[in-house]
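Readers should treat all values here as calculations from the given coordinates under stated rules, not as data from a laboratory. Everything quoted here is computed from the prediction, not taken from an experiment. Reconstructed Cβ throughout: ideal geometry from the backbone, glycine too, with neighbour counts over all protein chains shown.
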């Protein structure tokens, strides 16, 4: 057994290469806000700029196939790349790109060769940024209950309806979406998966005002939007996986969203908070209080369990091990564990945990943001209840066959 | 609002009367074992003796109607009686008598006048002790799924089948049971409720060996038994509530079992344990350790919440307030709260909590017994899951009407 | 034993329900929450005073109506369903009860009628940079200068100071032991009050820069205020707990209603066991907070030793409100975090009140003493 | 990164599985549990020694097979599925590792081969009446008499002492600081070992009444044993954790199986969300215990600073095993508490091991130090 992200000589070389590249590629001026929603436009643009450079090298989606803009990179190398980005406070991709991160793998499974080339390459190369358009006012956990229609009209589909909880600030060039292509069809057999150019006429994007701002991580994530479609005409060639076969594509897509791949370096805020508790601020250190210390230790342990679940999932998915309940288990833990950790921080730091005040807020308000984010993160990418539904099915409860997770690349 | 069990002048008089009565009525030699299952025969007989004396005075089931052997006593007076018994480590009734405590109220609702007189009076007067026979190997939570049959044959029913989880040690004179009277009938409409004389031929009682010993409290409770019926002939006049109407009787019965009435003075072990922690034993006091103290305070709080739920239910049921989810809520809390408290005791007292050793066990092994009892008590009188089912129904979740609890006297 | 409300209390409950339904609809409260420029005082204060709420916890001889704490708690439980913001608790309950316990007859006569009429609004400036609610958390020291005192230092996370006309400041006196209480004009020279922003309501930084306080504004004995201060806080705490109970109750009501309307997978979500379990957890927290709170109130009103019960009530209700909101969010998922919907008002309040007048940890430590686990 | 077992480990796993299936069927273990007169040693020890398990954690030069800790943990995870009782851990892992860290070359040569062959069975006599696992919980003092020592006092809740031929006794020396280690013959004059009854396995009271110990049986430096003792314990702990992981795993397997067979309301209970949620909680505890344990083992085997990980593994696995059993009981309801069924074997073991080698609280305090929260 080897938990190490330990570099072989080749990997040491690769790490050097990454570090050297990042030194020149990361645009000067990138700073970090604690509150992803408030990330200003110019910061977003700087990240996009870095994304394009990474994409040009095949490093934006490095584990994806070379032919579509990736690098066929091994999981150990991907980890090095991630590691080096984390070191400078960035992630891969360095901006919110749900359509690429989650839609990418599904299209890889379901797209035609032509579609993969045409649709995936610009995403993987960082040329376009994509959103995923799934939830609607009446369809959250029950995604198959969506109402937005896409009716064939010649070589186009005409789309009408409303999507919500669509990330993030500063817009996207394209979006993956799930639509009803057969309004009279049977449930699960009436849906299709399609890519839409967000500049098309008839699309209106309206920001939602929420407690926090997304909780999906990634720079530039944040505000959620409602997206309205009014007779939007989408070329039929953008439909992926066959008409009325959208549920199957969605299943692959949701596998990624439901935590199947494991995110390493999650929740940096835990370590930063512990550092903060250790240091003297305003004349005292939180960790001087023995009660606080015990709670910090408990909080740290919860963070470690979350991290280890992520490490395991990362290993499972990047080495093509059979997976079952582990993706949903990690999502569930991340959601409830983060809320729990945020509340422990409140108990440890007192009202300091609640303020954004310039003079008094720990970590420039990052703890306050985490208080809100812990709640807001409970629902995106499926609620805790849905994670449990998936876990139960995958574990084979009730005498069922143990269900395997959807195959991903 | 008044939480007091405070005596009015009349009540002070009554308390004196009770105390004076108990001074002469309680047979000398009553002692307490920490482990109800190990209560020796002679202790049980002493309690039965006291029960007969209480019954003769109408004080064994004091809130029951005078005409059937009770005293029509007000809830405040019942509380005084209970209080005085608790003071000497006894409860009302002073032995395990599930058929009286739970069956009694149901028969009061469903029995004919003749049946109430004939069946209830000897119970309420302490002349007979009764069990309840509900669960079967294939029917626990799903009581309606029982298989024991009672087939009419002239003026008798002939009973065949097997009941389990039947309390306690030292036998019972009679039992209430639920049986299938229409084996081909529709679910819930094929059952009847009947009283059986336990001395009838064809009845075999076999003790079960469990982790603890019942967890239903009351002196003499303890071991559970399996009861087998082999062509047992029961007079038809003992069927209560009408043939194939047993589910309705059961519903009333279960209302009591599911915590509807609130048990005061539950879990004396909490207070005794705290006393123990405060005192020096073997040269040190557990409460000297600040970590132990904090956990004791937390444990005490959990105990207080349990107690307050019981107080509320006692008030609701004894003043005929409308009740809905409260009975099941209390049962759920008592089950999970007791398990939680037992585990806190383990954390606080270390391995001391696990031993029955004469030299080292706290409270003569009562804590060790509670460790096992906390687990064993999870299932009797409906599992925690079933308590949640009842709560949800009663709270009116899912847009249902809020359901009221079954009417009891 | 009788756990029901009496007729007076039912009337108070109905009047408050009407007030909350009318003046404090969800729409208005959401607007107050989102718009930093709306003045809570202008919106409610006059009406609250006119309804006599500012005087309920004050005896008749000092211009109040001398209600029981339970009466006051019934009012606050309903206000908590809003949750209606503002300094009513800080001024008319907390500071009024502290003044009652600590003030001289002259001070009570001078100050309490003004609190009862709503003319003065008091806030308690207790907590400091090293946040805490025990006597030894007070590090600020006043300097005696002739018959006067001079206050310097920072009070932090002071609840409702932004609304205050008067501050009740807890501080030691240089060279002496114990803590003292000072009444300070909120507009006095050297006092600066700055509301702090964040996921909380009405907490301020209050800086005292050489603030001169007349000797006649020393409340209670120099260095000897703790006993009365603590007694006043212990009396007020369960009223604050009742406000939290009201919050839990409303979150429960909203959540039950939503679970009965929202459909997914062809049925209302309240039919799903997991959603039911969130509601069950929620009501369990609500009831735990409710009954621990009301037992403490009953003990206080009936003159019994209530300390243990008060500590339990505060420890339980702080955790319960936090958790009740969490379960409310589990039931609601997405819509629950949309500010317009209103659920987050309670979430914010539950966090904001968690530490006010002592976090659960503090009250459990006090309980340890009451249980004689420690000397 | 590779979280799979290697070929050796898979072989160990398979062999142990076979052993547990054969020699340690549920029926046999239930009989052992219920019948106080059955001798665990007679039942298993020979077989365990023959399979080389008594020597796995001991280097080759001392007669063992020098396996990695992970190899040993794989064995213990499978033994935990039994749960197979006996002193294998105490003797061949815990005491062996302590001797390795503290003993002189002569002592290691004299003792370790006997442990490896199964001839000697060691138990660690550490805890006393004021139960605890830190250095300062040791109050027992040896008296120096010439070249010898004399031991008097009580060790309490000593795991596996009833099976021991040799005791490793932790005590101070009168007039000196620190703790020392003494090897004491379990049958020596003045030693009395009494098994304690209750809801626990194999814990004894060990009384030393003027027991004479030769100076050559002082293990490590007088007063200087703590560092090596602690290092040995830290290495052994994750192996015990793996045993608990095995327990959690089996409780999960039994519970999943039961939920797939038991029918109520016309369907198997595993279809009910609430039963599923117990299983989900159970597997979450299992996996938390598993991965914290295996990371600690990996750090130890690869020579990294493993202290934090060991503390976390012990804290997590102790709680997890306790809770896993609770959820197992929730799934099983009645049948789960029938002794014959076997679930209670794990429940008892989970309680019994909760405090052994330090309860979660102790390890969290140690973790505080590792996190540099405290000096």
| field | Mean separation of Cα contacts under 8 Å, 6 or more apart, over the residue count of chain D: relative contact order % | value | 16
| note | Helix D:226-261 sits off the longest principal axis of the Cα atoms of chain D, rounded to the nearest 10 on a 0 to 90 degree scale, by 20
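If contacts are Cα pairs under 8 angstrom and at least 6 residues apart, what is the relative contact order of segment D:122-219 in percent?
On the way: 243 pairs, mean separation 31.2, N = 98.
Taking the mean separation of contacting Cα pairs over the length of segment D:122-219, I get 32 percent.
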| query | Given that compact globular proteins tend to follow 2.2 N^0.38 Å, what is the ratio of the alpha-carbon Rg of segment B:258-394 to that value? | reply | 1.15
| field | Virtual spin-label span in nm between residue A:88 and residue A:288, 7 Å along Cα→Cβ | value | 3.9
| task | Could you compute the FRET efficiency for residue A:4 and residue D:214, with r as their C-beta to C-beta distance and R0 at 35 Å, rounded to 0.05? | result | 0.15
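Mind checking the mean number of beta-carbon atoms from other chains within 10 Å of the Cβ atoms in D:193-203? Please list the in-between numbers first.
Values: counts 0, 2, 1, 10, 8, 15, 16, 7, 1, 0, 4.
Mean inter-chain Cβ contacts per residue within 10 Å come to 6.
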| query | Averaged over peptide B:295-305, how many Cβ atoms belonging to another chain are found within 10 Å of each residue's Cβ? | reply | 6
| Taking Cα atoms, how many degrees apart are the long axis of helix D:343-352 and the longest axis of chain D, rounded to 10 and kept between 0 and 90? | 30
| note | Output row for residue B:251: copy-to-copy label distances, label 7 Å along Cα→C-beta, ascending, in nanometres, one decimal, is 4.2
| request: Report, to the nearest 10°, how far helix B:290-318 tilts away from the longest principal axis of the Cα atoms in chain B, using its own Cα long axis and a range of 0 to 90°. | output: 30
| task | Quick one: P(r) of segment C:181-288 from all Cα-Cα pairs, 5 Å bins, percents rounded to integers, in order of increasing distance. | result | 2, 9, 11, 11, 12, 12, 9, 8, 7, 7, 5, 4, 2, 1, 0
| request: Run the quick spin-label model on residue A:319 and residue B:72: label points 7 Å from Cα toward the beta carbon, then report their separation in nm to one decimal. | output: 7.9
| query | When the helices in chain D are scored as -39500 (n - 2.57) per DSSP H run of 4 or longer and the sum is shared across all residues, what 222 nm value do you end up with, to the nearest 500 deg cm²/dmol? | reply | -15500 deg cm²/dmol
| Separation of segment D:106-147 and segment A:335-409 by C-alpha centroid, Å? | 46
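Grab the DSSP H runs of chain A that are 4 residues or longer, score each as -39,500 (n - 2.57), total them, divide by all residues and round the 222 nm result to the nearest 500 deg cm²/dmol.
-12500 deg cm²/dmol
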| request: Find the centroid of the Cα atoms in segment C:62-91 and in segment C:292-307, then give the distance between the two in whole Å. | output: 17
| request: List C:25, A:331, A:98 from most exposed to least, where exposure is judged by having the fewest other Cβ atoms within 10 Å. | output: C:25, A:331, A:98
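Per Stokes-Einstein, at 37 °C and 0.692 mPa s, what whole-number D in µm² s⁻¹ belongs to chain A, with the Kirkwood radius over Cα pairs as the hydrodynamic radius?
This corresponds to a translational diffusion coefficient of 148 µm²/s.
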| What would the Debye formula give as log10 I(q)/I(0) at q = 0.16 Å⁻¹ for the alpha-carbon point model of segment C:226-370, no solvent? | -0.79
| query | What is segment A:19-127's relative contact order, in percent, from Cα pairs under 8 angstrom and six or more apart in sequence? | reply | 30
| field | log₁₀ of I(q)/I(0) at q = 0.09, 0.15, 0.23, 0.24 Å⁻¹ - segment C:7-117, Debye sum with one point per alpha carbon | value | -0.24, -0.64, -1.24, -1.31
| query | According to a simple spin-label model (label point 7 Å from Cα along Cα-to-Cβ), what is the distance in nm between residue C:109 and residue A:281? | reply | 4.9
| Choice from A:139, A:169, A:382 showing the highest fluctuation, given a GNM over chain A with Cα pairs closer than 10 Å | A:139
| message | I need two numbers for segment A:9-95: Rg to one decimal and Dmax as a whole number, Cα atoms only, in Å. | response | 13.1, 41
| query | What are the label-to-label distances in nm, one decimal and shortest first, from residue B:282 to the same spot in the other copies, with labels 7 Å along Cα to Cβ? | reply | 4.5
| task | Grab every C-alpha pair in segment A:59-140, bin the distances at 10 angstrom width from 0 up to the longest one, and report whole percents. | result | 18, 46, 27, 9, 0
| query | Where along chain B is the Cβ that lies nearest the axis linking it to chain A, and how many Å separate them? | reply | B:290, 4
| task | Give me the orientation-averaged projected area of the Cα convex hull of segment D:122-219, in nm², one decimal. | result | 5.8
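How crowded by other chains is C:285-297, given as the mean number of beta carbons from other chains within 10 Å of each beta carbon?
Values: counts 1, 0, 9, 8, 1, 2, 8, 4, 1, 4, 7, 1, 2.
If you average over the peptide's residues, the count of other-chain Cβ atoms is 4.
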| request: Taking only Cα atoms and a 10 Å spring cutoff, compute GNM fluctuations for chain C and point out the largest among C:139, C:120, C:274. | output: C:274
| field | Descending principal axes extents, segment C:201-246, alpha-carbon based, whole Å | value | 40, 26, 14
| field | Inter-copy label distances at residue B:24 (7 Å, Cα→Cβ; nm, one decimal) | value | 10.8
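Is segment A:130-244 rounded, prolate or oblate when judged by the Cα gyration tensor, a ≥ b ≥ c being the square roots of its eigenvalues, rounded requiring a/c under 1.5 and prolate requiring a/b larger than b/c?
Prolate.
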| note | By Cβ neighbour count within 10 Å, fewest first, B:345, B:1 rank B:1, B:345
| note | Share (percent) of C-alpha pair distances in segment C:64-206 greater than 18 Å works out to 59
| task | Consider a paramagnetic label point 7 Å from the Cα of residue A:156 along Cα→Cβ; state which residues of segment A:118-135 have an amide N under 12 Å from it. | result | none
| Quotient of C-alpha Rg and 2.2 N^0.38 Å, computed over the protein assembly as shown | 0.96
| If you take the Cα Rg of chain C and divide it by 2.2 N^0.38 Å, with N the number of residues, what do you get? | 0.99
| said: As a check on your reading of the symmetry: which chain C residue has its Cβ nearest the axis that brings C onto D, and how far is it in Å? | reply: C:273, 2
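Evaluate E = 1/(1 + (r/R0)^6) for residue B:231 and residue D:50, where r is the Cβ-Cβ distance and R0 equals 45 Å; express this FRET efficiency to the nearest 0.05.
E(calc), rounded to 0.05, equals 0.20.
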| request: Please grab the % of Cα pairs in segment B:53-192 that end up more than 25 Å from each other. | output: 35
